[in-house]
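Undergrad: Would you mind keeping the following structure in view while I ask a few things?
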Amino acid sequence: MPFETSLQLWRLLSRIAPSLLRWVAIVLIHESSSSCSYRPARFSDRPPVEDARDDAAVLVPRFRWVPESVYLSEAYLHRPLRDALDLAPFPDAGDVNSWDEVAKSTWFHPRLVDVGEMARGSSSEGPPRPPFTVLSDAPVAVDSVGFSIRDSRGHRYEIVVDPLERPEMRTAAVAIAARLAWGFGFNTPPAFIAKVSIEDFWRSDEGARDAAAVLKAGATPVLGVYRVAALGWPPGLLLGSAPESGVRGDDPNDVVPHEDRRTLRALKVFASWIALGGLGPGKMVDRYLGAPGEGHVLHYLVGLDDALGAGNVVRVTDLPPAQGGGSAFTRLITLGLWPNPPRRPTQIELPAIGQLDPDLDPKTFSPAVPYDPADRLSPADGYWAAKRIAALSPAHIALAVEAGKIGDWRAQQFIQWALEGRRMTVLRYWFGRVTPLELVSVEGTKMVLRDEAVRREVVPRGVTDYQVTFLTSEGEKVAEAAVQRSQAAEFEVTLPESAIAAAQNYLVVRVSARQSASSLARPFELHARLAGDKLVVAGIRH
């Protein structure tokens, strides 16, 4: 059996075995406890945390980088064995507050981005200004060929260059994806499209000759000017990659295991939307900002030059059978002897676009290499990520695409169309995995809820029934369940007298949505108590 086929089969088995054993355990636990009634969680009587305040001054942590061989052995051997032996269900996300939102932190910033901000991207010093000094440091925010420079002001940038046969593809991808990631809430280096010439680099430096070679290997210059993408780094010290599991032991601010951060779990949903090439230790980079002993660690999403399918371009059609894709099951039962169909080459009519399909299957999407936080993605995590994507309007997407400065208007239109189509597919799937309700307001003992699926036109108005159940903190019903249907995205829930009496202690309002006689997977819960004559919300769960 060819080595590549064996590796692909091991990847398949390493993913299936832990999930299969965990599924069997969950079924057994469910059967053993089927006679038990539902008992909801109880929230503390305090306002939701809106800022994690994980930016206290710390000593400079040590540099960390994981060799690819070590990471692959962990992803395909050690972690699957640990997961197979640990049959406990994955815990809920640990960076979520009582209202089921991710608090502001050094990992995530809940921005309300207007269109003007999206056009500019994250705040920075703008594109680099010549002359440039080529640095010996290898770029860390770039998955393709590139190099690092310092401009005339002393600011550091990492340069992305397009492949010769795909002008504008990677440079546009990083500029567009950086703005979309920033609008989502991730920290990412700002990316600018710039035009440079060989004369902009110090000719006396060996690095300048290397940079010239990289530039000449890229797209053909126009009147001696090359197109590049420049990623600007703020002043600070590079700390290498952020571990995908556990925490940084030398950073006291880092207290939530990374595999249980919703911010990192949501990367799978975001990556599926923008067709990001892969996830892994190189996609999250840590940087120490501030004077030694007075600064803190900030976490950045990088490697976005692989977005929009730029990291998955197929150049040939006559691949050997072991590299042709095909069905893993067929390779298994034929011991790898059955020839695989060759992969279809990527379109060449629009060179500025990679392997960007206008549709996808969010259910089956997974990174090319296992990524621990992505494997723990829950419906509530996916719904939260989908909400963040839904908050980016077509105007936001258009401005991000415009920042790529693609010369062919057909390519611009295709990227806009593909991103909007993929976004709707992502919303439709993840909004259907939970009851997608949000609290709008509370007036006395009445509350107004909003169905995000209806608001975002994922489902039509008037086709969803909502069953409202009122429970105590012990899970006991205190009133008859009410069923209502609304012709609008927002609807009102009024507490019956028995529920108001229970709210003197603790009340759980549980809402289950049903569409076409089929109930959605997870109900919406609102936990509250009565303070005087007004309902005070203690927590929300999806």
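Undergrad: Let me confirm something: among 117, 168, which residue is closer than 30 Å to residue 408 by Cα and at pLDDT 90 or above? I'd like the intermediate steps shown before the answer.
TA: Values: 117 fails: at pLDDT 90 or above.
Among 117, 168, only 168 is closer than 30 Å to residue 408 by Cα and at pLDDT 90 or above.
Undergrad: Just to verify a result, which residue in region 74-94, among those that are surrounded by 13 or more Cβ atoms within 10 Å (Cβ to Cβ) and at pLDDT 80 or above, is farthest from residue 292 (Cα to Cα)?
TA: Checking each candidate, the answer is 90.
Undergrad: If only one of 392, 419 is modelled with pLDDT under 95 and within 20 Å of the chain's Cα centre (by Cα), which one is it? Quick ask: steps written out before the conclusion?
TA: Details: 419 fails: modelled with pLDDT under 95.
Just a single option satisfies the conditions, and that option is 392.
Undergrad: In addition: Here is a list: 454, 442, 426, 434. Which entry is buried (at least 21 other Cβ atoms within 10 Å of the Cβ) and within 24 Å of residue 536 (Cα to Cα)?
TA: Numbers: 454 fails: within 24 Å of residue 536 (Cα to Cα); 442 fails: buried (at least 21 other Cβ atoms within 10 Å of the Cβ); 426 fails: within 24 Å of residue 536 (Cα to Cα).
Matching residue, one of 454, 442, 426, 434: 434.
Undergrad: I've got another one for you. Of everything in region 494-510, what is of a type in the set (A, V, I, L, M, F, W, C), surrounded by fewer than 21 Cβ atoms within 10 Å (Cβ to Cβ) and either touching a residue at least 40 places away in the same chain (Cβ under 8 Å) or not assigned by TED's automatic domain parsing to the domain that holds residue 481 (or both)? Give them in sequence order.
TA: Step one: filter region 494-510 for residues of a type in the set (A, V, I, L, M, F, W, C), giving 495, 499-503, 507-509.
Next, only the ones that are surrounded by fewer than 21 Cβ atoms within 10 Å (Cβ to Cβ) stay: 500-501.
If the condition is that a residue be of a type in the set (A, V, I, L, M, F, W, C), surrounded by fewer than 21 Cβ atoms within 10 Å (Cβ to Cβ) and either touching a residue at least 40 places away in the same chain (Cβ under 8 Å) or not assigned by TED's automatic domain parsing to the domain that holds residue 481 (or both), then 500 is the only one that fits.
Undergrad: Which helices (runs of 4 or more DSSP H) does region 358-432 wholly contain that include 2 or more residues that are touching an Asp or Glu at 6+ places or on another chain (Cβ under 7 Å), in the same structural domain as residue 280 (by TED's automatic domain parsing) and in contact (Cβ under 8 Å) with a residue 40 or more places away in the chain?
TA: Values: elements: 372-375, 379-390, 394-403, 409-431.
The helices (runs of 4 or more DSSP H) meeting that bar are 372-375, 379-390, 409-431.
Undergrad: I would also like to ask the following. Take residue 419 and decide whether it is crowded, with 20+ Cβ neighbours inside 10 Å, farther than 29 Å from residue 305 by Cα and either out of contact with any Ser or Thr (no Cβ under 8 Å at 6 or more places or on another chain) or not hydrophobic (A, V, I, L, M, F, W, C) (or both). Show your work before the answer.
TA: Working: crowded, with 20+ Cβ neighbours inside 10 Å: yes; farther than 29 Å from residue 305 by Cα: no; either out of contact with any Ser or Thr (no Cβ under 8 Å at 6 or more places or on another chain) or not hydrophobic (A, V, I, L, M, F, W, C) (or both): yes.
Against the criterion (crowded, with 20+ Cβ neighbours inside 10 Å, farther than 29 Å from residue 305 by Cα and either out of contact with any Ser or Thr (no Cβ under 8 Å at 6 or more places or on another chain) or not hydrophobic (A, V, I, L, M, F, W, C) (or both)), residue 419 does not qualify.
Undergrad: What are the residues in region 49-73 that are over 22 Å from the mean Cα position of the chain (by Cα), surrounded by 14 or more Cβ atoms within 10 Å (Cβ to Cβ) and closer than 15 Å to residue 371 by Cα, if any?
TA: none
Undergrad: Restricting attention to region 369-393, which residues are among the small types (Gly, Ala, Ser) and closer than 24 Å to residue 179 by Cβ? Quick ask: steps written out before the conclusion?
TA: The initial filter retains those residues of region 369-393 that are among the small types (Gly, Ala, Ser), namely 374, 378, 380, 382, 385-386, 390-391, 393.
Once the filter is applied, which keeps residues that are among the small types (Gly, Ala, Ser) and closer than 24 Å to residue 179 by Cβ, region 369-393 yields 374, 382, 385, 386, 390, 391, 393.
Undergrad: While we're on this one: Just give me the residues in region 176-191 being aliphatic (A, V, I, L, M) and closer than 21 Å to residue 238 by Cα, in sequence order.
TA: Of region 176-191, the ones aliphatic (A, V, I, L, M) are 176-178, 180-181, 191.
178, 181, 191 - these are the residues of region 176-191 that are aliphatic (A, V, I, L, M) and closer than 21 Å to residue 238 by Cα.
Undergrad: Take region 52-96 and flag every residue that is in a strand (DSSP E or B) and either touching a Phe, Trp or Tyr at 6+ places or on another chain (Cβ under 9 Å) or not assigned by TED's automatic domain parsing to the domain that holds residue 244 (or both).
TA: Let us first name the residues in region 52-96 that are in a strand (DSSP E or B), namely 64, 96.
Selection gives 96 alone.
Undergrad: Given the conditions (1) touching a Pro at 6+ places or on another chain (Cβ under 9 Å); (2) free of Cβ contacts under 8 Å to residues at least 12 places away in the same chain; (3) not charged (D, E, K, R), report the number of the one that residue 223 does not fulfil.
TA: (1)
Undergrad: Follow-up question, since we're still on this one. Tell me, please, whether a residue that is at pLDDT 90 or above, touching a Pro at 6+ places or on another chain (Cβ under 9 Å), surrounded by fewer than 24 Cβ atoms within 10 Å (Cβ to Cβ) and over 17 Å from residue 231 (Cβ atoms) can be found in region 181-197.
TA: Yes, because at least one residue in region 181-197 is at pLDDT 90 or above, touching a Pro at 6+ places or on another chain (Cβ under 9 Å), surrounded by fewer than 24 Cβ atoms within 10 Å (Cβ to Cβ) and over 17 Å from residue 231 (Cβ atoms).
Undergrad: Also, I was wondering about something else. Could you look through region 274-294, keep only residues that are within 15 Å of the chain's Cα centre (by Cα) and assigned to a loop (DSSP other than H, G, I, E, B), and pick out the one that is nearest to residue 312 (Cα to Cα)?
TA: The residue in question is 277.
The values are calculated or read from the model by the stated rules, or taken from the named source; none is laboratory data. Everything quoted here is computed from the prediction, not taken from an experiment. Cβ: placed from backbone, ideal geometry, glycine included. Neighbour counts: every protein chain shown.
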